[in-house]
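Every read-out reported here was derived from the displayed coordinates using simple, explicitly stated rules and does not represent laboratory data. All figures in this text were calculated on a predicted structure; none of them were measured in a lab. Here the Cβ positions follow ideal geometry from the backbone for every residue, glycine too, while neighbour counts run over all protein chains shown.
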Amino acid sequence: MSLNILAVDDSRTMRDMVRLALAAAGMTVTTADDGVHGLEVLEGMEPDAIISDINMPRLDGFGFIRAVREIDRMRATPILVLTTESAPELRARARDAGATGWIVKPFDPHKLVKTIQMVTG
Amino acid sequence: MSTDPMAEIRASFFIECEELMESLQDALVILDEDGGDSETINVVFRAVHSIKGGAGAFGFDDLVAFAHRFETVLDQLRAGKLELTSDATKLFIQGADLLHDHIRAAQSDSAPPAGAEDVLKALEALMGDAAPEEDEAVDFTPATLGFSLDLPGLDDEPQLPVELPVWRIGFRPRAELYASGNEAVLILRALAALGETRVDCHVPDDLALSADTAEQPQLGWTVRLEGEMTEADIREVFDFVTDVCDLAITQDQPAAGEPVPFDHPVAEAAMTEPPAIENASPLRLDSGSIVAAANEDVPAVAAGAAPPDPATRNRAARPESEPAAATVRVDLERVDRLVNLVGELVINQAMLAQSVTEAGMGENPSVMNGLEEFMMLTRDIQDGVMMIRAQPVKPLFQRMARIIREASAAVGKEVRLRTEGEATEVDKTVIERLADPLTHMIRNSVDHGIETPDVRQAAGKAAEGVITLSASHRAGRVLIEVADDGAGINRPRVREIAVSKGLIPADAQLTDAEIDNLLFLPGFSTARQISALSGRGVGMDVVKSAITVLGGRVTISSAAGVGTKFSISLPLTLAVLDGMVVRVADETLVVPLSSIVETATLSPGDVRRIGRSTEVLHIRGDFVPLFDLGVQLGFRRAPASADESIVILTTQEDGSRAALIVDQIMEQRQVVIKGLNRNYGPIPGVAAATILGDGQVALILDPSDLTHPTAPEGEDEIALAG
């Protein structure tokens, strides 16, 4: 079964790149423009994994991930943080919020796919 | 479309960059004006950050490097470690300008802009001691990923040497591992993918398996892993979870079955029952069984979550949906094709209306009502299609902000741009072609309009001058105004220059408006010395001709000590034109309304002859060259009798005037422009063609080209039409 992925990023370029990379691997990608939008989209879907940016308007990645973890049916959904920063402190904050893992931009499409396959089993 | 998806995303990236630059510049204006709030600063930061992120994906290294250093400074500002002084804001604005230049350079694959290093240094100097100690540039290495799953043994057939290293991995998840959506079984499976594994499960003696929950996990495993891999390969499997599990990796064999001591310092501190794992009885599993155990249900159960509800899964199936897509991107070519077709439709509708009348059905109410409705719908469609090409003038205005910054800095003046009506929409092509004339007008206002700060203060004005750029819709046209609060036009000086250059006689009696309009004469320049800005041999005459080409008009008004205002009036679209339909020698022609000053009927004595064949029209004390349109276009050899003829007085791009004799004025109407260049090449005096309601093709004239000295005249005429 094809994996359903939600990609949350305020950059259209990033959304397009993620979509392109994952669609090529047969995954179905739904996108959202920021954290608030992402939560709205999640009301109508249950993705197999979520990819989220950190710096976003309205609700940033940390807030978004925290809110997703509050939703019962998504307590165990893998959430990957897609970020340009690789500082350990940032990873720690993402982890505290409930992130499963992180991918540093710019990302290698092939590896993004493999990472998603790994965290979704 | 079958184009390369990466090329499409690349193109889309540059569009996004323009949007980000727009919000960045908006936010900087707010910061500059009233300091803004933390969200304003966030907007600035995010814009630069997003540009950097996208640029990295395409390998625009110069852009990434610049954006990164800029972002680092902005990050300090965001963190409140940097004070937002007006000098700092100015540097941010400069940084934004340079960022824009870098984007353009990346787009055109040209060299990055000069001067970036100086601005970056100045920006970084703002940080002073607050500068991050560590070299961030190294931190942001465009490494493609923070980890790798391309492990030996995963893709390649492992070459098994006789003596393979044997690893022992002690792994016990803590609650946070499951809480963060990670799954121990998947990690064990990833280890199994590295090589041969044997997994021992440690179950505390007092534990019932049913009591092992994601909230209080108690199970741990020892994995014996054999294969060609390094410790780094193994650690990569645990990359996401090193901080949320107890982990120990050792090489070679401790006594079989003996648990591995954990080496993770945090883990040790966090272990609530350190002896538990020692007390545990090993429960052996091989890699086969662990993989088998990792079926779909296990992760969910182990993580304490309910299995996915099929109903929710179905609702999730909204493939490829872009939920809040407010815009679509369409090739301009397609829009233009539609514009063209709608033009045909308008013509077709007019022809149909005429045929219906000719067929004697003009009295039939249902036919006429239907036709009326058809006409209205056609007009609505036309308006709607034209609107697709319309774009807000905002990006154009934002470019002008930069022109003002650079121009005022160059002449040591303080000038601020104020904009109004940025959301006003104008045809895309009009916007593009307006950039140059507007740039020149703005430079002109900075250079000649706004006074130096000391002069302003002496006159009781604020040291900082203001140039107001506004756009609005008025009577089916777009009005763009450039107003400065400078000294106003120095009319005695303008007059003096015009006389000295021989543009007007020394004793000419000119109204204020006439003096102001002298600025539009070719070669006129009031600059006392050639300045770096507007003294580039480009005068306001070029501005005027550029606007006339767009079917626009430019007017000027000025008050001494209060300022000068240039008003540009433009058509909403370039696809239709307001024209006057005239008849000459049995031909129907259209003269663009924008070039017509007035129409008149000739009386005896109005026409004076100069030399053998040159005639001039004497009108209100002025002499204007007079042409017979029929002769000029080669429709007839001899001019019609000048007396009682109708003349159209036109202005030319250079501000001079000409009078055209026509036989009859038919009507004033909007016509759809049909280009001729593609089929016939440029034709002197003819701008384009149109199709009138009766199906007749009419040429649209370009009066300035028509009365140009190179136009055929007198004996050299050639017959263009039979």
Subject >> Dipole of segment B:5-139, positive end: most advanced residue of B:ALA67, B:PHE14, B:LEU82 [Cβ charges, Cα centre] >> reply: B:PHE14
**OP:** Take peptides B:40-51, A:54-65 and line them up by average Cβ neighbours within 10 Å, highest first, as a rough protection proxy.
**Re:** B:40-51, A:54-65
**OP:** Give me D for segment A:1-52 in µm² s⁻¹, whole number, from Stokes-Einstein with Rh from the Kirkwood sum over alpha-carbon pairs, 20 °C and 1.002 mPa s.
**Re:** 199 µm²/s
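Taking a threshold of 22 Å on the Cα-Cα distance, which of the pairs B:LYS501/B:LYS544; B:LYS394/B:LYS565; B:LYS428/B:LYS674; B:LYS121/B:LYS413; A:LYS114/B:LYS52; A:LYS105/B:LYS81 fall above it?
Violating the 22 Å limit, Cα to Cα: B:LYS121/B:LYS413; A:LYS114/B:LYS52; A:LYS105/B:LYS81.
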Original post:
Taking Cα centroids, how far is segment A:1-67 from segment B:59-132 in Å?
Top reply: 29 Å
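Using a ≥ b ≥ c from the Cα gyration tensor of segment A:43-101 (square roots of the eigenvalues), is it rounded, prolate or oblate, where a/c under 1.5 gives rounded and otherwise the larger of a/b and b/c decides, a/b for prolate?
Prolate is the answer for segment A:43-101, as a/c is 1.5 or above and a/b outweighs b/c.
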**OP:** Work out, in µm²/s and without decimals, the Stokes-Einstein translational diffusion coefficient of segment B:5-139 at 25 °C, 0.890 mPa s, Rh from Kirkwood over C-alpha pairs.
**Re:** 164 µm²/s
Subject >> Rule-of-thumb Rg ratio for segment A:80-121 [Cα; 2.2 N^0.38 Å; N residues] >> reply: 1.15
Subject >> Net charge, B:LEU510 excluded, C-beta distance under 10 Å - Lys, Arg +1, Asp, Glu -1 >> reply: -1
**OP:** Let me have the relative contact order for chain A, percent, based on Cα pairs under 8 Å that are six or more residues apart.
**Re:** 24 percent
Original post:
FRET efficiency for B:THR242 and B:GLN107, Cβ-Cβ distance as r, R0 = 45 Å, nearest 0.05?
Top reply: 0.65
Original post:
For chain A, what mean projected area does the convex hull of the alpha carbons give, in nm²?
Top reply: 6.5 nm²
Subject >> Values of log10 I(q)/I(0), in the order q = 0.12, 0.17, 0.29 Å⁻¹, for segment B:332-389 under a Debye, Cα-only, solvent-free model >> reply: -0.34, -0.58, -1.10
